[in-house]
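The values are calculated or read from the model by the stated rules, or taken from the named source; none is laboratory data. Remember, it's a predicted structure, so these values are computed and weren't measured experimentally. Here the Cβ positions follow ideal geometry from the backbone for every residue, glycine too, while neighbour counts run over all protein chains shown.
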Amino acid sequence: MNNFIFHTYMVGRYYPEREDVWEENIRIYKAVSLEAARSRAMVDATADEIVYQTADGYELSWKVYSISLIKELIDDALDGVEVFSRSLLNNEAKSLQRKIEP
């Protein structure tokens with residue numbers, strides 16, 4: 001079995017309307033095939049599609065925006081392998097470092 005790394009973006013939409021929020025996650029699945037790993041990634045992502053009331057009275061609805069394969073890792077090649085890297089512009093990096101207030 002190999003390990004498959006999937007990248008998922010979730011979008012949270014508020015009602016009444018206000019700016020959307022986003023969640024980015026990376027999950028690793030051990031599976032016999034890419035298809036089996038992708039199926040598990042879809043099940044987990046859709047399980048995260050929930051709706052709830054926020055403390056400040058908004059309804060927040062989470063939906064899957066995208067799921068993509070990042071990399072397949074062969075078991076004997078796991079030591080020190082890079083699993084995530086990206087280049088950012090200054091404003092992108094600053095937006096990731098910003099605290100999100102509740």
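Please work out which residue is nearest to E59 (Cα to Cα), limiting yourself to the stretch 1-18 and to residues that are of a type in the set (A, V, I, L, M, F, W, C) and exposed (fewer than 15 other Cβ atoms within 10 Å of the Cβ). Checked the stretch 1-18; the qualifying residue nearest to E59 (Cα to Cα) is V11.
Scan the stretch 38-60 for residues that are over 13 Å from I5 (Cβ atoms), among the small types (G, A, S) and surrounded by 14 or more Cβ atoms within 10 Å (Cβ to Cβ) and the total you get is 1.
Residues in the stretch 19-37 that are among the charged types (D, E, K, R) and either over 12 Å from I70 (Cβ atoms) or surrounded by fewer than 13 Cβ atoms within 10 Å (Cβ to Cβ) (or both): E19, D20, E23, E24, K30, E35. When S95 is tested against (1) farther than 30 Å from Y15 by Cβ; (2) modelled with pLDDT of 70 or more; (3) part of a helix (DSSP H, G or I), just one condition goes unmet, and that condition is (1). If you take the residues in the stretch 19-45 that are of a type in the set (A, V, I, L, M, F, W, C) and over 14 Å from the mean Cα position of the chain (by Cα), which one is farthest from K63 (Cα to Cα)? That would be V32.
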